[in-house]
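Read through the structure below, which is laid out as structure tokens, and then see the notes.
The values are calculated or read from the model by the stated rules, or taken from the named source; none is laboratory data. Quantities reported herein were computed from a predicted structural model and do not represent experimental measurements. Note: ideal-geometry Cβ built from the backbone for every residue, glycine included; neighbour counts use all protein chains shown. Side chains included, ligands, DNA and RNA excluded: accessible areas come from the protein's heavy atoms. Shrake-Rupley method; radii C 1.70, N 1.55, O 1.52, S 1.80 Å.
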Amino acid sequence: MESQPQVVKKKETRGRKPKPKDDKKEESGKVKEAKKSQQPTVDDKYTQWKSLVPVLYDWLANHNLVWPSLSCRWGPQLEKATYKNRQRLYLSEQTDGSVPNTLVIANCEVVKPRVAAAEHISQFNEEARSPFVKKYKTIIHPGEVNRIRELPQNSKIVATHTDSPDVLIWDVEAQPNRHAVLGATNSRPDLILTGHQDNAEFALAMCPTEPYVLSGGKDKSVVLWSIQDHISATATSPGGGGSIIKPNSKPGEGNDKAADGPSVGPRGVYLGHEDTVEDVAFCPSSAQEFCSVGDDSCLILWDARVGSSPVVKVEKAHNADLHCVDWNPHDDNLVLTGSADNSVRMFDRRNLTSNGVGSPIYKFEGHRAAVLCVQWSPDKSSVFGSSAEDGLLNIWDYEKVGKKVERAARSPSSPPGLFFQHAGHRDKVVDFHWNAFDPWTIVSVSDDCDSTGGGGTLQIWRMSDLIYRPEEEVLAELEKFKSHVVACASKPRES
């Protein structure tokens with residue numbers, strides 16, 4: 001099978017896939033944006049955002065991508081140093097067929113809190129690559145990469161979704177580095193997980209407690225696999241060297257037939273959705289419990305111990321397709337969903353429905369377009385992020401909902417619970433990931449085909465800790481430095 005020319009297929013129900021690069025459309029996208037409403041244009045908003053970067057952020061790195069990446073994930077931390085830590089980052093390149101689609105392993109220098117100078121972090125060129133992000137390895141992927149997820153017990157093992165029924169498993173350290181040129185054969189996945197009857201493009205999760213993989217697809221099914229028997233004992237000890245997938249066959253350059261790799265059949269297939277399954281998530285405390293959302297507007301909770309039918313099916317969880325779901329790692333009663341109705345909803349699994357339809361505890365309404373991704377903070381149990389087609393990545397704290405906000409800290413138009421808005425992307429934010437090794441540090445990626453005609457933007461950022469720390473603590477610190485600031489300001493400037 002030759003390297004396929006990439007006719008970029010559109011999803012019927014969601015604006016998830018980028019269009020191929022097309023210079024003719026470059027202007028129309030911006031004009032459309034401006035006409036859509038009397039709001040400031042994307043460029044105006046962006047200029048305003050960039051001027052505030054030194055105030056709002058502790059650190060920010062902007063990295064221009066030649067090809068869009070539909071996913072971005074943190075990998076293992078490699079090295080700790082005085083001022084920065086080195087960490088793996090997983091990305092992809094979704095190309096137009098002139099070069100192959102790839103899974104990219106990058107090394108990222110994560111600058112530590114309170115190290116970067118405020119004036120430096122906003123001095124970046126949008127067209128440039130960041131000095132903090134360096135490509136380390138390229139895997140030639142059979143088809144475009146729609147989603148990347150790492151195994152929490154060992155983030156050197158990565159699962160990917162493409163436009164096919166299979167889930168591909170990669171031991172990224174053992175895979176050879178490839179040169180992505182036209183006609184190059186695909187890299188061979190270490191494992192292929194089979195079981196879907198139709199394409200499974202987005203819904204993908206890896207279990208925090210066991211080496212289990214979960215997927216959903218166009219066949220309306222949720223499929224569960226165990227890869228326990230295929231990974232060596234070193235896989236669960238992050239320090240383990242060498243290959244961590246048992247050597248049934250040699251990874252590396254295949255003859256372009258993905259089916260040559262060892263395949264694994266499902267542990268269970270779960271039926272209950274009436275349309276495409278768009279996202280799945282494991283319960284953080286149990287490999288047997290998981291949930292899924294789909295284009296049927298349903299949220300479904302499953303338990304592998306009690307069979308393949310839904311434990312609870314929440315009809316009309318939103319008023320439109322559901323795109324994303326996440327289960328709170330600190331409180332496994334709380335589940336977040338994001339939808340094409342532009343909202344994020346929070347459900348309590350002890351009380352999911354009322355009169356047969358979804359009954360969320362809260363509705364978070366701060367986006368102006370479809371929500372594409374939601375994720376709880378690994379650090380603070382009440383905090384989560386949501387990203388959307390409006391180009392915004394919102395950070396919320398549900399504990400702030402309903403609390404009296406003193407000193408007009410929140411503008412009247414700001415939705416309850418919203419306490420930070422990352423507006424550094426100029427097009428839809430297709431994925432983001434909190435950094436478990438460095439709390440409050442987030443990597444986010446936008447697909448810029450509508451605003452600039454192609455490519456994407458990767459940003460790694462950390463808001464100022466003055467924004468999220470307890471108010472009394474922040475005021476005490478500011479008081480402490482007040483005299484110092486006053487003294488500096490009153491000094492005559494040297495010419």
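Annotations for the structure displayed:
- Members of region 176-197 found to be of a type outside the set (G, A, S) and touching a Gly at 6+ places or on another chain (Cβ under 7 Å), listed by number: P176, T185, N186, R188, P189, D190, L191, I192, T194, H196
- Residues (closer than 17 Å to K220 by Cα and either of a type in the set (V, I, T) or in contact with a helix residue (DSSP H, G or I) (Cβ under 8 Å, 6 or more places away or on another chain) (or both)) located in region 308-341: V311, V312, V314, V325
- I244 meets all of the listed conditions (1) over 23 Å from the mean Cα position of the chain (by Cα); (2) at pLDDT below 70; (3) open to solvent by 10 Å² or more (accessible area, probe 1.4 Å) but one, namely (3).
- Filter pass, E126 being touching a residue at least 24 places away in the same chain (Cβ under 8 Å), assigned to a loop (DSSP other than H, G, I, E, B) and closer than 22 Å to D431 by Cα: yes
- Filter result for K380 (charged (D, E, K, R) and on the phi > 0 side of the Ramachandran plot): no
- Some residue of region 429-441 being surrounded by 22 or more Cβ atoms within 10 Å (Cβ to Cβ) and in contact with a His (Cβ under 9 Å, 6 or more places away or on another chain): yes
- Qualifying residue in region 20-39 (condition: out of contact with any Pro (no Cβ under 8 Å at 6 or more places or on another chain), at pLDDT 50 or above and either among the aliphatic types (A, V, I, L, M) or open to solvent by less than 50 Å² (accessible area, probe 1.4 Å) (or both)): no
- Enumeration of residues in region 61-72 that are buried (at least 19 other Cβ atoms within 10 Å of the Cβ) and outside any loop (DSSP other than H, G, I, E, B): A61, N62, H63, L65
- Among the residues of region 65-85, those that are among the charged types (D, E, K, R), touching a strand residue (DSSP E or B) at 6+ places or on another chain (Cβ under 7 Å) and over 23 Å from M206 (Cβ atoms) comprise E79, K84.
- Criterion: of a type in the set (V, I, T), modelled with pLDDT of 95 or more and closer than 20 Å to A436 by Cβ - qualifying residue of V172, V104: V172
- Taken over region 385-397, the criterion of being surrounded by 20 or more Cβ atoms within 10 Å (Cβ to Cβ) and not in a loop (DSSP other than H, G, I, E, B) is satisfied by G385, S386, S387, A388, L393, N394, I395, W396.
- Residue within region 85-92 that is over 17 Å from G424 (Cα atoms), surrounded by fewer than 21 Cβ atoms within 10 Å (Cβ to Cβ) and at pLDDT 95 or above present: yes
- Count of residues meeting criterion [out of contact with any helix residue (DSSP H, G or I) (no Cβ under 7 Å at 6 or more places or on another chain) and open to solvent by 40 Å² or more (accessible area, probe 1.4 Å)] in region 110-137: 13
- The criterion of being open to solvent by less than 10 Å² (accessible area, probe 1.4 Å), modelled with pLDDT of 95 or more and of a type in the set (A, V, I, L, M) does not hold for A369.
- Applying the criterion of at least 3 residues that are over 21 Å from the mean Cα position of the chain (by Cα) to the strands (runs of 3 or more DSSP E) found wholly in region 284-384 leaves 286-294, 299-303, 312-314.
- Screening C324 against (1) at pLDDT 95 or above; (2) open to solvent by 20 Å² or more (accessible area, probe 1.4 Å) leaves a single unmet condition, (2).
- Check on D58, crowded, with 19+ Cβ neighbours inside 10 Å, over 24 Å from H161 (Cα atoms) and either at pLDDT below 95 or of a type in the set (D, E, K, R) (or both): yes
- Residue check, L103 assigned to a strand (DSSP E or B) and touching a His at 6+ places or on another chain (Cβ under 7 Å): yes
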